[in-house]
Amino acid sequence: MNLMFEPLRKKLTLPLVTAIEKCGVVLLDTDVYKFLVEPPNPEMGHLAFGCFVVSKSLKKSPAIAASEIKIHLEKIAGVESVEAAGPYLNFKFSALFLAENILKPILSGKTFSEKLVNDAPKTMIEYSQPNTHKELHVGHMRNLCLGDSLVRLHRRSYGDDKIISSTFPGDVGTHVAKCLWYIKNHVGLNILDQKRNSPDRGEWLGQMYSAGNIKLEDEAIVPEKFEKNKKELTLILKQLESAQGEFFDLWKETREWSVQLMQKTYQWADVQFDKWYWESDVDADSVRTIKKYFDAGQLIESQGAIGLDFENEKLGFCLLLKSDGTGLYATKDIELARRKFEDYKIEKSIYVVDQRQALHFKQVFRSLLHLGFEQAKDCFHLQYNFVELPDGAMSSRKGNIIPLMLLVDKMQNHVRTEYLSKYESEWSIDELNSVSVCVAKGAIKYGMLRQDTNKKIVFDMNEWLKLDGESGPFIQYSYARINSLIKKINVNFNDGFDGSLLIHSTEIKLMQHLMNLNTQILLSAENYKPASLCTYLYETAKKFNAFYHDCSINQAESIELKKSRLALAAATGETLKQGLALLGIPVPERM
RNA sequence: GGAGCCGUAGUUCAAUGGAUAGAAUUCCCGGCUUCGAACCGGUAGGUUACAGGUUCGAGUCCUGUCGGCUCCA
């Protein structure tokens, strides 16, 4: 059940329930709370109750319901006026009341400390399923940013102890075989020896995979070459499976190179996983598990293969063991889910995987239910659309990818030379570097998160390097400015300030907006939409800038007003910082 | 052939079924002797792909058509 955590909405709830009851309609307080929205124009009021729900039971128009509720409404502390405007009841609060209930809890930290929902299910969020022996590209970045932000949003909303993050790298499979095949047959072990101590060995592996893939495709048109290559690849795969031979040793070694590259990326992105599931580890068990289910009579046989038939549910046949006894992706995902359910007692499971896997996950979830896992009903595939290049899809097979770390490097250099060069003589090298990293993170992560998940992102490097308009750095900049205000203006608002002085329209608009942070956070978590938090934070910064422009703090008419305005700025800064943190974006002290 | 996602301003995107569909960007105009101009304000730009339906109310839900992308055999 959702708590009613937002103070102003909460204040209106009980009096409204009482007034509505007097009209002859009984509503739950949570229902009333839910229907409290913001009027389109702040001049109309700070919160509004839409009387549509009441009008139905009352069998009167919403407008009449509004005026009737108004008659029965008792005086509410802090409310300056109540107007019935069409189907809405508009409430206006005093400036003092807004400040007391919005700014004070933000400045004391109370707004950020309590989780928003009790009794949440224990949830695992799996994201980032990169393959070893391939290079991470900007498409993987979308997954990484989405998954990380979801973990942060869920922890904030439901409590740290409820959320477990996991990753599932693909460290075995034909892509590995192709990469090793190419190194052995077309590069030579001399070059491999040279690469052993090279810092870019992880990236190099990715290039070897692409080259191998292209080579194999080219040679596939010559029948004898095709057969020869196929034999060689099968040999490699056999060795990997049986865990012995030169290719197994080579796999063990090169796998580490890729893993180190992944970890470098995760480190840059401040991403940590509670649990790493390796495909090589899950693989062998998955076939055994499926055989066990088959022996227990829970699976069917069809043309020598084993699986489940969901044709009548329009989900097709879910193939789990091929006639040669080998497994597929679904086989692994069933074993993986079993481990999550049984080892971690997971009640809910979220998978962040691109939209191509939609049918796959429907089949897997349906199969899990068939196998007796009730938790399958609370499995959710968060599908997102791809990141494409202006001239079409990216593919590491074809080798036309933009490596993720290339974007990172370009962005950091761009920030450093275009925006931070003016501080070159003033700041230390360390600070110049760390702020470049911080702002680049803001730009990249915000760019990946701001768009709705099921719309594709067309990636254009030059567009991404433009940091104006709605961007992460815009929000970070507002924070940095607030931070410098607080340092420069020497008044202390911590011992109290007079909120009743904040009556300028941009001050009121900003306060009113700050009210919604936790509501937005929970919405983002529940709907798996970090994008809506992006929009909220952008609007927060926008409203702060308007306030900053309209209301001078340093030249305020009185010391009391100065204090109050600075408190408002500080509360905004804290909101931006805490909100950005849920997107995985840090803030710089100055920039 | 079957299924899924998408279609909103010139462009890139917003809008838990609710009040006048909003931002950014581009073009043009204005604002630094003033707390940080990576900023602010203004002008212009719309048959929400199309046609029906559901209801007090539809960009949003349902059906169909067209277009783009993806998955399955």
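The values are calculated or read from the model by the stated rules, or taken from the named source; none is laboratory data. Since the structure is predicted, the reported quantities are computational estimates derived from the model, not experimental observations. No Cβ is skipped: glycine too gets one built from the backbone with ideal geometry, and neighbour counts run over all protein chains shown.
Is it the case that some residue within region A:267-281 is part of a helix (DSSP H, G or I), without any contact (Cβ under 8 Å) to a residue 60 or more places away in the chain and loosely packed, with under 13 Cβ neighbours inside 10 Å?
To start, the set of residues in region A:267-281 that are part of a helix (DSSP H, G or I) comprises A:267-268, A:279-281.
With without any contact (Cβ under 8 Å) to a residue 60 or more places away in the chain added as a condition, the list becomes A:267, A:281.
Now narrow it down to the ones that are loosely packed, with under 13 Cβ neighbours inside 10 Å: A:267.
The answer is yes, given that some residue of region A:267-281 is part of a helix (DSSP H, G or I), without any contact (Cβ under 8 Å) to a residue 60 or more places away in the chain and loosely packed, with under 13 Cβ neighbours inside 10 Å.
Restricted to region A:544-560, and to residues that are assigned to a helix (DSSP H, G or I) and within 11 Å of RNA strand B (Cβ to nearest atom), which residue is surrounded by the most Cβ atoms within 10 Å (Cβ to Cβ)?
Initially, region A:544-560 is screened for residues assigned to a helix (DSSP H, G or I), giving A:544-550, A:559-560.
Cutting the leftovers down to within 11 Å of RNA strand B (Cβ to nearest atom) gives us A:544-550.
Values: A:PHE544: 25, A:ASN545: 16, A:ALA546: 15, A:PHE547: 23, A:TYR548: 19, A:HIS549: 9, A:ASP550: 12.
The qualifying residue surrounded by the most Cβ atoms within 10 Å (Cβ to Cβ) is A:PHE544.
Quickly run through region A:468-483 and pick out the residues that are within 21 Å of the chain's Cα centre (by Cα), within 6 Å of RNA strand B (Cβ to nearest atom) and either free of Cβ contacts under 8 Å to residues at least 24 places away in the same chain or not in a helix (DSSP H, G or I) (or both).
Step one: of region A:468-483, the residues within 21 Å of the chain's Cα centre (by Cα) are A:470-476.
Keeping just the survivors that are within 6 Å of RNA strand B (Cβ to nearest atom) gives A:470, A:473-474.
Within region A:468-483, A:GLU470 is the sole residue that qualifies.
If the requirement is being within 11 Å of RNA strand B (Cβ to nearest atom), of a type in the set (Phe, Trp, Tyr) and under 30 Å from A:SER524 (Cα atoms), which of these qualifies: A:TYR384, A:TYR419? If you could, list the steps in order and put the result at the bottom.
Working: A:TYR419 fails: under 30 Å from A:SER524 (Cα atoms).
Only one candidate qualifies: A:TYR384.
Checking the conditions here, which among A:LEU523, A:LEU583, A:LEU537 is out of contact with any strand residue (DSSP E or B) (no Cβ under 9 Å at 6 or more places or on another chain), buried (at least 20 other Cβ atoms within 10 Å of the Cβ) and in a helix (DSSP H, G or I)? Quick ask: steps written out before the conclusion?
Details: A:LEU523 fails: buried (at least 20 other Cβ atoms within 10 Å of the Cβ); A:LEU583 fails: in a helix (DSSP H, G or I).
The unique qualifying residue is A:LEU537.
For region A:57-106, what are the residues that are without any contact (Cβ under 8 Å) to a residue 40 or more places away in the chain, among the basic types (Lys, Arg) and within 12 Å of RNA strand B (Cβ to nearest atom)?
Scanning region A:57-106 gives A:LYS59, A:LYS60.
Among the numbered conditions (1) farther than 18 Å from A:VAL282 by Cα; (2) modelled with pLDDT of 95 or more, tell me where A:LEU368 comes up short.
Failing condition for A:LEU368: (1).
Residues of region A:162-182 being touching a Ser or Thr at 6+ places or on another chain (Cβ under 8 Å), assigned to a helix (DSSP H, G or I) and under 14 Å from A:ILE236 (Cβ atoms), which ones?
Passing the criteria: A:VAL176, A:CYS179, A:LEU180.
When the residues of region A:449-467 are filtered to those that are under 21 Å from A:SER524 (Cα atoms) and of a type in the set (A, V, I, L, M, F, W, C), which remaining residue is farthest from RNA strand B (Cβ to nearest atom)? Before the answer, list the steps.
Start the filter on region A:449-467 by keeping residues that are under 21 Å from A:SER524 (Cα atoms), which leaves A:449-457.
Keeping just the survivors that are of a type in the set (A, V, I, L, M, F, W, C) gives A:449, A:457.
Working: A:LEU449: 10, A:ILE457: 6 Å.
Within region A:449-467, the match that is farthest from RNA strand B (Cβ to nearest atom) is A:LEU449.
Answer yes or no as to whether A:VAL54 is in a strand (DSSP E or B) and more than 30 Å from A:ASP343 (Cα to Cα). Give the derivation first.
Details: in a strand (DSSP E or B): no; more than 30 Å from A:ASP343 (Cα to Cα): yes.
Criteria not met by A:VAL54.
Of everything in region A:12-34 that's within 16 Å of RNA strand B (Cβ to nearest atom) and more than 18 Å from A:PHE93 (Cβ to Cβ), which residue is surrounded by the fewest Cβ atoms within 10 Å (Cβ to Cβ)? Give the derivation first.
Quick first cut of region A:12-34, residues within 16 Å of RNA strand B (Cβ to nearest atom) only: A:12-13, A:16, A:20, A:25, A:27-34.
If we keep only those that are more than 18 Å from A:PHE93 (Cβ to Cβ) too, we end up with A:20, A:25, A:27-31, A:34.
Working: A:ILE20: 25, A:VAL25: 18, A:LEU27: 17, A:LEU28: 10, A:ASP29: 13, A:THR30: 14, A:ASP31: 14, A:LYS34: 14.
Restricting to residues being within 16 Å of RNA strand B (Cβ to nearest atom) and more than 18 Å from A:PHE93 (Cβ to Cβ), the top hit is A:LEU28.
From the list A:ASP285, A:ASP193, exactly one residue is more than 38 Å from the chain's Cα centre (by Cα) and outside any loop (DSSP other than H, G, I, E, B). Which is it? Walk me through it before giving the result.
On the way: A:ASP285 fails: more than 38 Å from the chain's Cα centre (by Cα).
Answer to the selection: A:ASP193.
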